Structures are given as C-alpha cells and as structure tokens.
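Before any comments, here is the structure.
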Amino acid sequence: MSITVQNISKRFGSFTALDNVSLDVPSGGLLALLGPSGSGKTTLLRIIAGLEVPDEGIILYGDEEVTHRSVRERNVGFVFQHYALFRHMSVFENVAFALRVRGWKQERVRQRVGELLHLVRLEGYEKRRPSQLSGGQRQRVALARALAAAPRVLLLDEPFGALDAKVRQELRQWLRLLHRQIHCTTVLVTHDQEEAFEVADRVVVMNDGRIEQVGSPHELLQQPASDFVMDFLGCPDYSI
Ligand code: ADP
Ligand code: MG
C-alpha cells in the first residue's frame, strides 16, 4: 500500500507546524522522516495515521483518499517511543488485543500470536508481564502488537528513542530484517541520522515544518541540497 502526502499544511494557532509538505512512500517501502526536534515529524506522522487532521492537503493510501478517515478505518499499526503496553496483561494478551477487539476466535488468535512472537523472536515469553521484559523486548512486543491485525501501513515514532545505544543498534538491524520479511509500507520518525541511514533506503530531511531534501543516504551525503542539510548531516565541507 503506497502512501501519498499532497500539499499538507498544519497550524497550531498562529504557529505553522507543517508548510505545504508533499511526499510519496512506495508500496512496501521503508521511509525515514529525519529532522531536529520540533521540525514537524510527529505531526506529519500523526496526519498520515489519522490522529490529526491537516488544515490543507490530502493523504492517499494507494488510490484511496483517507484524509478524513479514522485511524481504525485506515488500518494502521503504530509504535511510539514510550511503549504503551498494557501493564496488567501478559505478552500474549498484549499482542492478541487487536485480534480480540476484532472478534477473532481463540484458536486463530493463538496461531496468529504464535506467528508474531516468532517474527519478533520472543517465543517462550507469552506469559510474562511487560515489567518482566527489557526495554528492547518491550519494543518488540509493541511491534508485534502493531502488526497483529496485518495493518496496511506501519508507523514508528522514535520507537527506539528510550533505549540505550547498544540495544538501539541491535533493534535497527532487526527492524531492517523484519521489514524485508513482511514488506509492510513503513514510515520511521527519528532525529538520529545514523538510525535513519541504517534502517531506511529513502530519507526525508525535515526542518521547520518543511522538507529540505528527499534521497538515499548516499545522495544526501554526496549532494546536500541546502546548508541546513549539510550542517544537520555534518557533511564535510570541501569548499574550505
Ligand atoms: P518533531 O516530532 O519533529 O519533534 P512535532 O511535529 O512534534 O515535531 O512538533 C512540531 C512543532 O509543532 C513543535 O514546535 C511543536 O511544539 C508544535 N506542536 C505540535 N503539536 C502541537 C499541538 N497539539 N499544539 C500546539 N503546538 C504543537
Ligand atoms: Mg516527535
């Protein structure tokens, strides 16, 4: 399922959080939104998800306009930085939640949760509570939960932001492999260049509610389109 963002603007009072933003995420792609804090990444992701309505512009999933559709209707899976697992529920029940809401029968739920825990390499952890898991394991449960009902798109907002450097590194590699397996169209928000470059094949650099540049990590480093991109990526300045 491709995602098209067309001329999106969003204001909060007199403050312009997004200013005429357009971009495409090809079906099955993994795109990173990279930029400093306050550049509008989360706002854009929330508009793509249906958690926020833009003032101008439209969002398409494939050929279908979804700008005013609810999150539920869009069938989106999310993971946020501060994992919101249900504390009183086991790993199994956390992952099963979206399936139970949809009225799946127990046997099907058991099978699907088994598949997902295999996918995120947490077989044998079914009975644990979130408090009995490491931060990295919790984020993998959050990802399994987000994927449970086979979402059309997967949206990740700084999903590894609260974890330490070593675990982040492992989870990045793991996410890239997972994406190769499931091919779900994915948008990853991060302020961490290394993370964006390692995980995504296309990176959108944002600044002040606008897109500065879209390209592969190689293109961004070789041909930064603006001083901002050059500074933000820390490109060597050959002119000196
Ligand atoms: P990022 O995720 O890149 O850090 P955000 O999209 O969260 O940026 O925010 C972009 C800007 O919009 C920030 O200056 C933020 O303070 C502002 N903003 C975001 N959401 C709201 C809101 N609900 N009300 C007012 N201002 C907001
Ligand atoms: Mg944010």
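Bear in mind these aren't lab numbers, they're just calculated from the coordinates by the rules spelled out. Worth saying up front: this structure is predicted, and the values here are computed from it rather than measured. Methodologically, a virtual Cβ is constructed for each residue, glycine included, from the backbone with ideal geometry; neighbour enumeration extends over all protein chains shown.
Annotations
- Per-residue ³J(HN,Hα) for segment 4-21, Karplus 6.51 cos²θ - 1.76 cosθ + 1.60, θ = phi - 60°, Hz, x for Gly and Pro: 10, 10, 10, 6, 7, 10, 9, 10, 10, x, 8, 8, 8, 7, 9, 10, 6, 9
- Relative contact order, percent, the chain [alpha-carbon distance under 8 Å, six or more residues apart]: 27 percent
- Computed from Cα positions, the angle between helix 165-182 and the longest principal axis of the chain comes to roughly 80 degrees.
- Each part reduced to its alpha carbon centroid, segment 162-220 and segment 1-70 end up 17 Å apart.
- Computed on segment 86-150, with alpha-carbon pairs under 8 angstrom and 6+ residues apart, the relative contact order is 52 percent.
- Between helix 106-119 and the chain: long-axis angle, C-alpha atoms, 0 to 90°, nearest 10: 50 degrees
- Shown in residue order for segment 142-150 are the 3J(HN,Hα) couplings computed by the Karplus curve 6.51 cos²θ - 1.76 cosθ + 1.60 at θ = phi - 60°: 4, 5, 4, 5, 5, 8, 3, 8, 6 Hz (x for Gly and Pro).
- Residues MET206, MET230, sorted so that the one with the fewest Cβ neighbours within 10 Å comes first: MET230, MET206
- Protection proxy ranking, peptides 154-167, 93-106, average beta carbon neighbours within 10 Å, highest first: 154-167, 93-106
- Net +/- balance of residues flanking SER39 in space, Cβ distance below 12 Å, scoring K and R +1, D and E -1: -1
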